[in-house]
Ligand SMILES: [Zn+2]
């Protein structure tokens, strides 16, 4: 035998130690996740093995359990099969609230989940796999099964790769993150009666537990969310943990070329949280590509989102982005991160009208927090680009235009908009407002071409007069008539006037807005979006009502584009820019507050009757079961947020977030009285300036501002029924008045149906008299008939349930 040359051995030793000494790169880990395989040596016949994670309990009663091969020393998954005689697994999950039990029962016919299992594929980044292995080796709940190790591994490895690959970004992030931070438990379960479904507990989503099943809605893959709630430790008041890292002081330098491709360098200051770390998770629009990243000027690794959509989050317009430092970065230290990114986030809507499709996600960002921004754009001279903030510079440089702005208060996001614009300058006391409109009309707003038919030779001569087939005159094409396009600036001045007067109205009620220089610019489409200092306004709002597309000419649509969308987006300069939310469950607060502010503006500008007309319309939308799948309101409580988008009931998310959100604010106003309600909103703006509002924080404020005679419990109940549950009651009132010597005794019953028995609300009754103002009495409803009595000064002419409560009419 020839001996191996010494030099080669030495070199190999050096290579091995170099590999062992270095931290793995994110790309290496991602590859290991994609190629993950079962470990045939770690296959066990298990009996009575179990584990609990927060509210989830999983029992592996009889079957085989196999573990993954380690990735960077960690086993990230295990798979269980009950394919043996008497084989069984079981999962138990009890939702903690009534509405969650109702939701679960709606899908599984039971308010609690207790399902026997054929199989369980389990992904863990919290060390559960290692603990299960230890448990097996310690207490004999399993014995090694080498005889089937290879076969079991061959069976599970491809399944594992299929499930783990779309989760690679998340798995890599958790492997690189400090111990136990943002841990994930993901269970893909094969139920004996419910089929396949998932349960997951995600530490990065505030320890939120979700049970859900893959399905299809209108031919598109979707999830039915059976139930979703904060894990037990969070409900018991354990803090979810400090932010991993925070951002401040964005500096973005962006160039738009002649084709409007965006190329940008984004710098941001990153402060590391309480634990040292190497991995930093950002998100960016799918249309953007991050070329490179640096930390303090030194190039670092970038791992960008995969094309396969993650199995955890579902479809998103954003992709995850991991920035990985070669070594740990100290807790509490501050660094400059720099990203070079480019992409196509602007599309043409035709005739020099543009659509910016990544409005808040065109630069690397994280899900929470606020920062100041310095924004610099270089773009073609023919266009105007607008963005939020105070003007720093506007100049021409050859064929290019340069615009610089500074946002000096912390905001959650910064967008831009561009076009060939006409500008109107408006103002409100202490606020400068620039309103831009397009000089051109996008293709989709051009009225369709009309064809005037020309009588053909056949028709003139009449058919069948013996003309030979071959002699037919060539057909004459109908004449196309191009109706004139709508004027894209028809309402430019009206938009500017409404913007400034509604902002003045709000400033008087709530105090100053976040940013004193607000820009409004058009966006093609049927929506608006109010960013801090920058409002995207539907181009339809700029058209005169008679010029709008035929489908948008109903009374409801016209009111939306002419009267509501402008003051709604203006109100987001308070609700969203001054006061913000972080969790999707609280998003209804911003929409409800913005829309109710708009309604209050309409009430002031026009009349209370106009406000009532819109509220009645909203009531109709919430109760309209045109689809036959249930009324939008029945889809779930308003705090479900995005989860309502997955409902099979069409329009549920929109109707609940906007229509019910507005109604909740209206009912709260009536319960508190005008003065207290407005003081509460002013206090909300003051107390939560540049802070995060939650539904619970809002509830506490409402309790604080309740009037005399209304108990804290009554306010809590208001939120329990209108905010944390769904349901709109039917109410029937019977009453009679008996005149006495000095007063009138009013007695009656209030009959409540159409909601759960424990639904209970304070119902305003309007007592009308022949002369004098209407008196309101409040009666707490409950399931069935509630008797009530009151003492009146004079005989009423009529007693009715007030219009100010959301009921089935
Ligand atoms: Zn809104």
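The values are calculated or read from the model by the stated rules, or taken from the named source; none is laboratory data. Predicted model only: the values in this text are computed from it and were never measured. Backbone-built Cβ (ideal geometry, glycine too); neighbour counts: all protein chains shown.
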Residue ranges of strands (runs of 3 or more DSSP E) in segment 61-168 with at least 1 members assigned by TED's automatic domain parsing to the domain that holds residue 209, in contact with a helix residue (DSSP H, G or I) (Cβ under 6 Å, 6 or more places away or on another chain) and at positive phi
none
Can residue 628 be described as over 17 Å from residue 506 (Cβ atoms), within 14 Å of the ligand (Cβ to nearest atom) and not assigned by TED's automatic domain parsing to the domain that holds residue 529?
no
I want to confirm something. Restricting to segment 597-607 and keeping residues that are part of a helix (DSSP H, G or I) and more than 11 Å from the ligand (Cβ to nearest atom), which single residue is farthest from residue 665 (Cα to Cα)?
605
Filtering segment 616-628 for residues that are part of a helix (DSSP H, G or I), within 22 Å of residue 640 (Cβ to Cβ) and touching a residue at least 40 places away in the same chain (Cβ under 8 Å) leaves a count of 3
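Test of understanding: among 368, 316, 361, 307, which residue is at pLDDT below 95 and crowded, with 20+ Cβ neighbours inside 10 Å?
On inspection, the qualifying residue turns out to be 361.
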Looking only at segment 580-590, how many residues end up being surrounded by fewer than 24 Cβ atoms within 10 Å (Cβ to Cβ) and either within 9 Å of the ligand (Cβ to nearest atom) or part of a helix (DSSP H, G or I) (or both)?
5
Note on residue 414: of the conditions (1) part of a loop (DSSP other than H, G, I, E, B); (2) surrounded by fewer than 22 Cβ atoms within 10 Å (Cβ to Cβ); (3) touching a residue at least 60 places away in the same chain (Cβ under 8 Å), unmet is (2)
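Just to be sure, is residue 612 at pLDDT 95 or above and more than 13 Å from the ligand (Cβ to nearest atom)? Spell out the reasoning first.
On the way: at pLDDT 95 or above: yes; more than 13 Å from the ligand (Cβ to nearest atom): yes.
Here the answer is yes, as residue 612 does meet what is asked.
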Every residue in segment 642-655 that is more than 13 Å from residue 99 (Cβ to Cβ) and crowded, with 20+ Cβ neighbours inside 10 Å, please.
647, 649, 652, 653, 655
Does residue 566 meet the test of being within 15 Å of the ligand (Cβ to nearest atom), closer than 21 Å to residue 492 by Cα and not assigned by TED's automatic domain parsing to the domain that holds residue 228?
yes
Is it the case, given these coordinates, that residue 253 is over 21 Å from residue 52 (Cα atoms) and in contact with a helix residue (DSSP H, G or I) (Cβ under 7 Å, 6 or more places away or on another chain)?
no
Which condition breaks for residue 254 when tested against (1) at pLDDT below 95; (2) in contact with a strand residue (DSSP E or B) (Cβ under 8 Å, 6 or more places away or on another chain); (3) surrounded by 15 or more Cβ atoms within 10 Å (Cβ to Cβ)?
(1)
Look at residue 610 and say whether it is surrounded by fewer than 19 Cβ atoms within 10 Å (Cβ to Cβ) and in a loop (DSSP other than H, G, I, E, B).
no
Only one of 577, 559, 551, 541 is within 14 Å of the ligand (Cβ to nearest atom) and part of a helix (DSSP H, G or I); which?
541
Kindly evaluate residue 664 against the criterion of being under 21 Å from residue 619 (Cα atoms) and outside any helix (DSSP H, G or I).
no
Do the conditions hold for residue 98, that is, is it over 30 Å from residue 758 (Cβ atoms), touching a residue at least 60 places away in the same chain (Cβ under 8 Å) and surrounded by fewer than 17 Cβ atoms within 10 Å (Cβ to Cβ)?
no
Picking from 592, 533, the residue that is in contact (Cβ under 8 Å) with a residue 40 or more places away in the chain and at positive phi would be 533
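Every residue, every condition in (1) within 16 Å of the ligand (Cβ to nearest atom); (2) under 22 Å from the mean Cα position of the chain (by Cα); (3) over 15 Å from residue 589 (Cβ atoms), yes or no:
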residue	(1), (2), (3)
662	yes, yes, no
665	yes, yes, no
670	no, no, yes
680	no, no, no
683	no, no, no
698	no, yes, no
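Got at least one residue in segment 784-797 being under 39 Å from the mean Cα position of the chain (by Cα), outside any helix (DSSP H, G or I) and under 30 Å from residue 585 (Cβ atoms)?
No - not one qualifying residue is present in segment 784-797.
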Residues 693, 701, 681: which one is modelled with pLDDT of 95 or more, over 25 Å from residue 99 (Cβ atoms) and either surrounded by fewer than 17 Cβ atoms within 10 Å (Cβ to Cβ) or not assigned by TED's automatic domain parsing to the domain that holds residue 514 (or both)?
681
